[in-house]
Structures are given as C-alpha cells and as structure tokens.
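Here it is: the structure, laid out below.
The values are calculated or read from the model by the stated rules, or taken from the named source; none is laboratory data. Source: prediction; values computed, not measured. Cβ: placed from backbone, ideal geometry, glycine included. Neighbour counts: every protein chain shown. For accessibility, only protein heavy atoms count, side chains too; no ligands or nucleic acids. Shrake-Rupley method; radii C 1.70, N 1.55, O 1.52, S 1.80 Å.
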Amino acid sequence: MVKIGLARSAAVAAAGAVLVSGVGVSAAAAQPVPAAATGAPAPDTAGVRKALQGTLTAGAPGAFAVIRDHGSREAGWSLSVGKGDLDGTPMKADRRFRVGSNSKMFASVLVLRLAEQGRIDLDKPLRDYLPQGTLPEGWAMTGRQVMEHRAGVYDHTNDLLEQAGEETTAAFEARIRTKVYSPQELVALSVGHGVQYTPGSKYSYSNTDYVLMGLAIEHLTGRPYADVLREEVIEPLGLRQTSFVVPEQGIAGPHVTGYLTNDDRSKPLLDSTEQTASWLWSAGGVISSAADMDRFLTALLAGGAGGLVSDDSLKQMTSVLPTPTAKVSYGLGLRQIALSCGNVLGHGGIVQGFQTQSFVTPDGRRSVVVFANASNNGAVTQGLMNVLEPAFCGKTPAPAAAPALRAPASGAWEDGGSGGTGYARVPVVEDTRI
C-alpha cells in the first residue's frame with residue numbers, strides 16, 4: 001500500500017498549537033484584536049447576531065457564528081441563537097454537524113498532495129488516474145478542469161432529487177436517507193448523461209466532479225478514501241471532531257440535530273440527522289465542527305508552513321476563475337467571495353438539515369464559520385450569507401458596490417439589497433443543495 005505521506009508533522013504541530021485556545025469565547029468576553037495584529041477590523045457582533053436571527057425568522061431552529069482571529073494576539077467571538085433541536089436544547093457552537101460541500105476542500109488537499117509527489121498530473125486526462133472503465137474512452141477532461149467544475153460532468157445528484165435544484169422531503173426518504181450507493185454507481189449516473197459541454201469552456205457546479213477525485217485518490221493510493229483522509233489530514237492536524245464515516249448514518253458525540261424543511265410548509269420540519277451520505281461521498285460526507293474547520297482553514301491558507309500543502313499548491317488552489325454568480329469565483333476546491341473589505345476563501349455546504357459557510361481571509365488571520373440547522377430553505381441560506389460582511393468587515397456598512405460587484409442584472413436581491421442588515425448583500429451561490 002502506498003501512502004501520500006509528506007514529512008510535515010512538526011510544521012503541523014506548530015501551526016495547530018496556536019489554534020487551541022479561545023474558540024468558545026463568548027462575544028461579550030472576547031477582546032478585539034488591534035487591526036495591526038490581524039489586518040482586519042473587529043467584527044460587528046450586533047450585525048452578525050441580526051443576520052443569525054434572520055435565519056430563525058426564515059424557519060431554522062437555530063444558528064451560530066464562530067469568528068477567530070489569529071496573529072500576535074488571538075481572540076474569538078462565538079454567537080449562538082435559537083435551538084439545537086426541537087426538544088428545546090439551546091444551540092451550541094461547539095457541537096458537531098455535517099459540513100456538506102465543505103468536504104470538497106478536504107478532497108482537494110489530498111489531490112494536491114498527490115500532485116506534489118508526482119502521482120497525478122492535473123493537466124492530463126483524469127481518466128488515466130481512475131480505475132479502468134470509470135470514464136468512457138474519449139473523455140479527456142483534465143483533473144484541473146474537474147476540480148474547477150469546468151469539465152462538463154453532469155451532476156448525478158440531479159437524478160436522485162425529485163426536482164432539479166430542490167432537496168425534497170419525498171426524495172430524501174425514498175432515495176437518500178438509508179440508501180447506500182457506491183461511488184462507481186454515482187459516476188455511472190453522471191456518465192449516462194454524456195459530456196455536457198466542451199471541457200474548459202464554462203463553469204457548472206457538479207458534485208460528481210469530487211466523487212471522481214475521491215475515486216482517483218483511492219486508485220492512486222490503493223486505500224479507502226476515509227483512511228487516507230484520516231491519516232493525511234484529520235490526525236496530523238488534531239481534528240478531534242472531524243470524521244468521514246460514510247455510510248454510517250449517525251453522528252457520534254455531541255452534535256446538532258439537522259432538519260429538512262418540508263416541501264409542504266404547513267407540515268413540521270423533518271429530522272434528517274441520520275443519513276448515509278453515500279449519495280455524496282467525498283463530495284459532501286465529512287462531519288466536523290466550527291473549531292476544526294477553523295483549524296483546517298488556517299493551516300491550509302498557511303501553505304507550506306501549515307503542513308497541508310506546499311506554497312505552490314496553495315497558489316494553484318487559490319487561482320480562481322469567475323462563475324456566473326456575482327462576487328463569486330472558484331479555484332481548486334476553494335471558493336472566493338468578494339466582500340466590501342476584500343476577498344475571502346473557503347466553501348459552503350448544504351446537506352439535508354445542515355447549512356454551513358466556512359471562510360478565511362487570504363492571510364489566514366480571520367476565519368468565520370456560520371451554521372444553521374435547516375435546509376431546503378433559501379431564505380435560511382441567504383441569512384447565513386448575510387453574516388459574512390459584518391463578521392469580516394466590521395461595523396462600517398459596505399460602500400456602494402463597484403460595477404463588478406453589483407447585483408445581477410436579472411433583478412434586485414429578494415428584499416431589495418441588504419437582507420435588513422444594512423450591509424451589501426452577499427449572493428447565495430449555486431451549490432444550494434449540497
């Protein structure tokens with residue numbers, strides 16, 4: 001068996017040591033870090049709380065935001081609203097949850113580590129690094145195009161959900177909750193639709209892209225994806241609340257209960273916590289926590305010093321291209337969002353009952369993880385996006401947007417702009433299902 005292993009344990013330990021304390025510090029107790037120490041203004045906690053309350057108004061039982069500053073001094077802000085379950089348990093920001101498409105960042109790290117070893121060339125056809133027959137002859141899209149969602153690969157999740165763009169409760173019970181799919185089955189669903197466009201010619205988000213990357217990781221290492229992820233990322237970084245247990249249905253340890261909004265809004269929320277996540281696999285099956293997501297993102301954005309990927313690999317991951325969504329670009333498993341105070345990098349994730357947005361400044365000095373325990377509800381998603389401006393940019397409301405940052409010409413934002421927060425609105429991105 002071949003391991004990816006890179007000799008970086010000392011660097012990882014050093015990077016992780018500074019991230020342990022203060023994650024659970026309350027907003028009232030935290031001391032703002034001077035701008036000179038972090039390069040960012042203190043977050044507007046009142047604005048953050050208002051945005052979180054908006055997710056409750058939209059129908060989520062609860063939500064939280066965890067903001068961490070790293071530098072010569074450290075500080076943390078943790079704000080929770082609502083309930084962690086419908087039994088009345090208060091929402092707690094230290095609990096575990098399903099991170100959905102944030103999982104793509106973890107898969108990207110594993111791929112880039114393989115590329116550093118010369119085990120995969122991202123600019124050659126990906127089919128050369130997959131089990132024989134996974135992709136048809138003639139499918140020449142490269143690994144880089146696949147990771148950028150520019151490969152023309154049909155998203156298999158469209159076949160498993162009842163309606164395109166929706167995660168209906170009926171489809172969840174029929175095809176998602178207890179069903180166990182193999183990665184090969186998911187790819188076969190996609191391949192059956194053929195190549196959707198000339199690879200490299202456009203952007204179209206596809207979960208199948210990262211199922212393919214997971215299969216490549218297994219093929220090149222000869223080991224299960226879960227083992228590679230645990231030994232190469234989870235254990236070295238000390239991510240004690242992060243796991244990949246597909247197809248086990250439960251979430252071990254203290255965790256938030258996730259709820260799928262019923263298609264018939266007059267019916268109660270559906271507890272969707274237990275599910276195999278096999279329909280997503282490496283594209284969305286990770287379970288984690290806000291503290292672990294902070295540690296992972298901070299180490300990733302540190303490049304070689306963080307112990308996950310080299311400086312060159314990080315440069316490739318953060319070399320983003322535009323997407324059809326205003327303010328949003330995409331690299332190799334990393335999304336970039338343009339805020340009024342600068343760009344942030346990370347990913348979002350929506351999987352039945354759980355919504356997360358995890359982002360960090362390019363210098364790794366500030367991370368923001370926001371979460372709500374309801375999905376199939378676009379207003380909840382927008383509420384979480386509304387947290388990013390006050391969390392990263394502080395109390396000063398965003399200035400009028402430059403032309404490149406204006407709302408799409410197709411129409412104003414749903415409520416005319418700011419979502420009631422007083423800040424420029426960050427649009428909901430295209431991966432609204434996962």
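Pull out all pairs, ordered by first then second residue, where Cβ-Cβ is under 9 Å, the residues are six or more apart or on different chains, the first lies in region 102-116 and is more than 13 Å from Thr318 (Cβ to Cβ) and among the hydroxyl-bearing types (Ser, Thr, Tyr), and the second is in a helix (DSSP H, G or I) and open to solvent by 10 Å² or more (accessible area, probe 1.4 Å).
If the second residue must be in a helix (DSSP H, G or I) and open to solvent by 10 Å² or more (accessible area, probe 1.4 Å), the pairs left are Ser103/Trp281.
Here is a follow-up. How about region 164-242: which helices (runs of 4 or more DSSP H) wholly inside it have at least 1 residues that are touching a residue at least 24 places away in the same chain (Cβ under 8 Å) and open to solvent by 40 Å² or more (accessible area, probe 1.4 Å)?
So the answer is 183-191, 207-221.
I'd like to check something: does region 304-318 contain any residue that is surrounded by fewer than 24 Cβ atoms within 10 Å (Cβ to Cβ), touching a helix residue (DSSP H, G or I) at 6+ places or on another chain (Cβ under 7 Å) and hydroxyl-bearing (Ser, Thr, Tyr)?
Yes.
Would you check if there is a residue in region 134-145 being under 29 Å from Lys267 (Cβ atoms), touching a residue at least 24 places away in the same chain (Cβ under 8 Å) and part of a loop (DSSP other than H, G, I, E, B)?
no
Part of a loop (DSSP other than H, G, I, E, B), in contact (Cβ under 8 Å) with a residue 40 or more places away in the chain and within 20 Å of Ala252 (Cα to Cα) - does that describe any residue in region 291-312?
Within region 291-312, not a single residue is part of a loop (DSSP other than H, G, I, E, B), in contact (Cβ under 8 Å) with a residue 40 or more places away in the chain and within 20 Å of Ala252 (Cα to Cα).
Same structure, new question: Going by the structure shown, is Val81 more than 24 Å from Arg365 (Cβ to Cβ) and open to solvent by less than 30 Å² (accessible area, probe 1.4 Å)?
Yes: the conditions hold for Val81.
Pick from region 375-429 the residues that are of a type in the set (Lys, Arg) and at pLDDT below 85: which of them is surrounded by the fewest Cβ atoms within 10 Å (Cβ to Cβ)?
Arg406
Here are some conditions: (1) open to solvent by 60 Å² or more (accessible area, probe 1.4 Å); (2) closer than 22 Å to Gly348 by Cα. Ala252 meets all but one. Which one does it not meet?
With (1) open to solvent by 60 Å² or more (accessible area, probe 1.4 Å); (2) closer than 22 Å to Gly348 by Cα applied to Ala252, the lone miss is (2).
I'm checking my understanding of the structure. Among residues of region 343-374 that are farther than 24 Å from Gly82 by Cβ and assigned to a strand (DSSP E or B), which one is most open to solvent (accessible area, probe 1.4 Å)?
Only one residue tops the list, namely Asn343.
Continuing with this model, one more query. Kindly indicate whether Thr276 is exposed (fewer than 15 other Cβ atoms within 10 Å of the Cβ), assigned to a loop (DSSP other than H, G, I, E, B) and β-branched (Val, Ile, Thr).
So Thr276 does not fit the description; no.
On to the next question. Hey, could you check region 71-92 for residues that are in contact with a helix residue (DSSP H, G or I) (Cβ under 6 Å, 6 or more places away or on another chain) and outside any strand (DSSP E or B) and say which is modelled with the highest pLDDT?
Gly71
Which members of region 321-338 meet the condition of being farther than 13 Å from Val429 by Cβ and open to solvent by 10 Å² or more (accessible area, probe 1.4 Å)?
From region 321-338, those farther than 13 Å from Val429 by Cβ are 321, 331-333; that's our starting set.
Of everything in region 321-338, just one residue is farther than 13 Å from Val429 by Cβ and open to solvent by 10 Å² or more (accessible area, probe 1.4 Å), namely Leu321.
Give the residues of region 216-271 that are within 30 Å of Thr89 (Cβ to Cβ) and either among the small types (Gly, Ala, Ser) or touching a His at 6+ places or on another chain (Cβ under 8 Å) (or both), sorted by residue number.
Across region 216-271, the qualifying residues are Ala226, Gly238, Ser243, Gly250, Ala252, Gly253, Gly258, Ser266.
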